[in-house]
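Student: The structure is given below, and queries will be raised subsequently.
The values are calculated or read from the model by the stated rules, or taken from the named source; none is laboratory data. In this text, all values refer to a predicted model and were calculated from it rather than measured experimentally. Glycine gets a Cβ as well: all are built from the backbone with ideal geometry, and neighbour counts include every protein chain shown. Calculation scope for accessible area: heavy atoms of the full protein, side chains included, ligands and nucleic acids excluded. Shrake-Rupley method; radii C 1.70, N 1.55, O 1.52, S 1.80 Å.
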Amino acid sequence: MKFWLYDHSTNTRTTVEAKGDSITIGRDDTCAIVLKSPFIARRHARVILKGNQMFVEALSRAGTRVANREVSQDKPARLDFGDEIQLGQFSLAPISADRASAGKDDDTDLQNKLMQLEQQVHAELLDRMNLRVTGHINKSDQAFVSQMLQQLDQVLTRRVESLDDGVLDYAIRQHLGRLVSAEVVRQCQGRVQTDYKEGDDRLLDPKREQQITELVSSLVDMMPLLFDPTSVGEDLAVAEEAFDDLYKQQAGSIPKDLSRYIVRRSVSKDIQDILLGLGPLQDLLEMPSVSEIMVVGKDHIYIEKNGVIQPTSRTFFSEEILMSIIERVLTPVGRRVDTSTPLVDARLPDGSRVNVVISPLSLAGPCLTIRKFGWVPFTMDDLIERGSLSEPCAAFLQGCVVGRQNIIISGGTGSGKTTLLNVLGAYARPNERIITVEESAELRLPQPHVVGMEGRPANVEGRGAYTIRELVRNALRMRPDRIIVGEVRGPEALDMLQAMNTGHDGSLSTLHANTPTDAMKRLETLVLMAIDMPVRAIREQIHTAVDVVVQVARFADGRRRVTRICEVTEINPQTHQLCLEDIYTLKSAKQPTLRHTGYIPTFAEDMIEQKQIGVEVFL
């Protein structure tokens with residue numbers, strides 16, 4: 001049986017073959033497939049063939065995964081063609097007999113050939129234009145851009161003609177798939193698209209563009225989609241699943257000249273993105289299903305899609321190009337990165353967070369992390385539908401916001417704290433004056449009277465910085481009814497607690513912590529960063545300020561759920577620790593919904609009398 005073997009550490013890919021119905025994988029030379037790595041056990045795993053079925057058995061505790069699912073030693077996992085076995089830095093994928101006998105290149109090989117074409121086009125264009133650093137191209141110089149486009153068109157015309165049919169078909173399939181996804185998103189947004197132009201119009205043929213528009217529209221029309229703003233994730237999943245079969249039905253009817261035009265169009269856009277945009281990141285930023293982009297050196301680009309981190313086949317041509325694109329991201333916001341300042345935070349114009357780390361701090365090459373800002377705002381109904389929390393729990397939290405309880409949302413990185421904060425903030429009354437304070441503006445509230453403030457880092461001269469603490473202090477002078485702090489991570493914790501204790505009830509914030517108890521301890525630590533005062537006094541401030549703590553978590557399968565809702569009740573007279581009482585809990589990831597513990601919060605009676613919640617939320 002044959003397997004594709006991919007080594008993520010060296011970015012190399014080979015084919016290995018093993019015989020028999022029991023194929024052992026490990027570091028030992030007696031194994032059928034030998035993987036020489038200190039991260040691989042002597043006998044790491046075994047592939048078992050039973051008739052037409054395949055199973056993977058873990059032989060060690062070193063870690064074996066199949067299709068991103070952990071394989072336990074006592075329970076073999078089913079393996080299908082297309083699934084990957086992940087061991088250390090290696091990935092193994094079985095090759096079906098039909099595919100092996102046909103001798104066709106798989107998508108990875110075709111992607112590599114397409115990348116080689118783009119590298120050749122890029123290198124030849126740089127030689128023709130006598131360019132060395134693409135990050136300094138002046139996009140406003142129209143004469144220069146026009147000359148560059150003419151040269152690009154000449155290079156593409158010659159090189160695309162020499163492509164074999166396999167690469168042509170792969171490039172067309174990838175490009176049309178991206179256009180179909182873009183059209184699904186456009187229709188979910190309610191926007192009408194008359195064409196699918198990409199890149200500079202000077203390289204586009206109107207007649208061919210009309211043919212592409214008709215082709216994409218016909219593919220989308222054959223898909224059973226809802227086209228609703230809240231269903232964009234589901235529609236994209238349906239479109240991605242149905243596209244390959246629909247494309248196969250249409251591929252034979254695509255004229256040869258249109259096929260080559262589509263490939264030229266695709267490669268032209270990629271080269272223009274490298275020269276004038278964000279290179280291979282440009283398309284990823286436009287994909288709604290991608291929530292995070294992680295670049296590790298020039299050879300590795302990972303994405304978080306539907307809550308799961310996965311590698312992509314995209315790479316940068318060189319580290320120089322990667323650094324030039326990082327420069328394009330940072331320059332518009334007045335930031336820079338070099339060996340003297342190798343770590344920097346910034347954000348894109350749409351609000352997406354950006355973090356950059358380069359040498360000497362990063363040993364893997366330049367690292368760029370982009371947490372995208374989603375255009376689709378979640379509602380409480382969406383969170384209930386996704387299983388993030390139950391209906392009684394949602395009604396309780398809604399009542400807490402309307403009843404002006406002070407709420408802290410705690411959780412780990414990427415657990416959904418800001419999403420839940422945005423959902424809860426939307427329940428504030430329309431006649432209230434709301435001040436939001438964030439390091440990177442992400443909140444989108446529907447109320448008419450919202451004043452948003454965003455912190456500003458120091459400029460290249462080390463001046464002009466405005467911290468979150470300064471903004472929270474200033475917010476107190478702006479006559480707010482509520483103050484919403486995007487995230488408390490420093491001495492601003494003291495000012496936020498004082499705001500909650502001085503008539504600004506109903507304030508909300510988020511905090512990094514693994515449990516509600518840890519959140520209270522971390523809040524104490526953050527206050528101590530601002531002022532040296534007795535811990536007992538800090539705890540009294542927290543006790544009188546914070547009413548409810550909501551804990552959120554992200555599970556291994558990518559789902560984000562509320563796991564606990566607690567009330568801060570008192571300070572224990574013996575231990576002098578803050579006491580938390582669970583109102584709703586989620587004991588394990590397998591539990592279907594949050595359950596009420598039986599505890600009735602001290603403020604519930606007032607909320608029921610004011611009809612902000614009903615008794616049924618505790619039943």
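Student: Using the scaling law 2.2 N^0.38 Å as the reference, what is the normalised Cα Rg of the range 291-377?
Tutor: 1.07
Student: Sticking with this one: Expressed as a rounded percentage, what relative contact order does the range 259-389 have, with Cα pairs under 8 Å and six or more residues apart?
Tutor: Relative CO of the range 259-389 lands at 21 percent.
Student: Here's another thing I want to ask about it. In the chain, what is the volume of the convex hull around the alpha carbon atoms, normalised per residue and reported in Å³?
Tutor: Dividing the Cα hull volume of the chain by its residues yields 205 Å³.
Student: Here's another thing I want to ask about it. So what are the ³J(HN,Hα) numbers for the range 269-283, from phi and the Karplus equation (6.51, -1.76, 1.60; θ = phi - 60°), rounded to whole Hz, Gly and Pro as x?
Tutor: 5, 4, 5, 5, 4, 5, 7, 10, x, 10, x, x, 7, 4, 5
Student: Under a point spin-label approximation (7 Å from Cα along Cα-to-Cβ), what is the Asp80-Glu581 distance to one decimal in nm?
Tutor: Distance between label points: 4.9 nm.
Student: Give me the Debye-computed log₁₀ of I(q)/I(0) at q = 0.29, 0.31 Å⁻¹ for the range 298-348, equal point scatterers on Cα only, no solvent, two decimals.
Tutor: The Debye formula, applied to the Cα set alone, gives -1.05, -1.08.
Student: Using r as the Cβ-Cβ distance of Lys36 and Val333, and R0 as 56 Å, what FRET efficiency do you calculate, to the nearest 0.05?
Tutor: Once rounded, the FRET efficiency stands at 0.80.
Student: Using a simple spin-label model with points 7 Å from Cα along the Cα→Cβ vector, what separation in nm is obtained for Arg13 and Ala123?
Tutor: 2.0
Student: Any chance you could run the full-extension gain for Asn130 through Asp21? It's 0.36 nm times the residue separation minus the Cα-Cα distance, nm to one decimal.
Tutor: Difference between extended and current length: 33.4 nm.
Student: What is the gain in length, in nm to one decimal, between Ser60 and Ser217 on full extension, counting 0.36 nm per residue of separation less the C-alpha to C-alpha distance?
Tutor: Using 0.36 nm per residue and subtracting the Cα-Cα distance, I get 51.4 nm.
Student: Dividing the convex hull volume of the alpha carbon atoms of the range 483-525 by its residue count, what do you get in Å³ per residue?
Tutor: Looking at the range 483-525, the number lands at 68 Å³ per residue.
Student: Hey, another quick one. How much length, in nm to one decimal, is gained on full extension between Gln498 and Glu286, taken as 0.36 nm per residue of separation minus their Cα-Cα distance?
Tutor: Roughly 72.2 nm would be gained on extension.
Student: Here is a further query. Restricted to Cα positions, what overall size does the range 228-363 have along the principal axes? Three whole-Å values, descending.
Tutor: Result, largest extent first: 57, 36, 27 Å.
Student: Please work out how much accessible surface His449 shows to a 1.4 Å probe, ignoring ligands, DNA and RNA, in Å² rounded to 10.
Tutor: 80
Student: Please label the shape of the range 231-293 as rounded, prolate or oblate, based on the square roots a ≥ b ≥ c of the eigenvalues of the alpha-carbon gyration tensor (a/c under 1.5 means rounded; beyond that, a/b larger than b/c means prolate, else oblate).
Tutor: Oblate, since a/c reaches 1.5 and b/c is not below a/b.
Student: While we're on this one: Stokes-Einstein diffusion coefficient for the range 1-103 at 25 °C in a medium of 0.890 mPa s, Rh from the Kirkwood formula over Cα pairs: what value in µm²/s?
Tutor: The Stokes-Einstein estimate is 180 µm²/s.
Student: Sticking with this one: How big is the shadow of the Cα convex hull of the range 509-619, averaged over all directions, in nm²?
Tutor: 8.7
Student: As a test of reading the structure, rank Asp7, Asp299 by solvent-accessible area (1.4 Å probe, protein chains only), most first.
Tutor: Output order, biggest surface exposure first: Asp299, Asp7.
Student: Please report Rg over Rh for the range 503-549, where both radii come from the alpha carbon positions and Rh follows the Kirkwood definition.
Tutor: 0.95
Student: Could you work out the Kirkwood radius for the range 525-566, taking every pair of different alpha carbons, averaging 1/r and inverting it, reported in Å?
Tutor: Here the Kirkwood hydrodynamic radius works out to 12.7 Å.
Student: In terms of Cα to Cα distance under 25 Å, which lysines are near enough to Lys207, apart from those fewer than 8 places away along the same chain?
Tutor: Filter leaves Lys197, Lys248, Lys256, Lys269.
Student: Further question on the same structure: If you average over every viewing direction, what projected area does the convex hull of the Cα atoms of the range 577-619 give, in nm²?
Tutor: 4.1
Student: Percent antiparallel among DSSP beta bridges with both residues in the chain, to the nearest 5?
Tutor: 75
Student: Looking at the range 461-567, which GluC sites (Glu not before Pro) are DSSP coil and have at most 16 other C-beta atoms within 10 Å of their C-beta?
Tutor: For GluC sites (Glu not before Pro) across the range 461-567 that sit outside H, G, I, E and B with at most 16 neighbouring Cβ atoms in 10 Å, the list reads Glu461.
Student: Just to check I understand the Karplus step: with θ = phi - 60° and J = 6.51 cos²θ - 1.76 cosθ + 1.60, what whole-Hz values come out for the range 439-446, glycine and proline as x?
Tutor: For the range 439-446, the Karplus curve yields 7, 10, 5, 10, 6, 10, 9, x Hz.
Student: Got the relative contact order for the chain handy, in percent, Cα pairs under 8 Å and 6 or more residues apart?
Tutor: 8 percent.
Student: Long-range amide H contacts for Gly279: which residues qualify at under 5 Å (H placed 1.01 Å from N, peptide plane, sequence gap of 5 or more or a different chain)?
Tutor: When sequence neighbours closer than 5 places are left aside, the close amide H contacts are Ile274.
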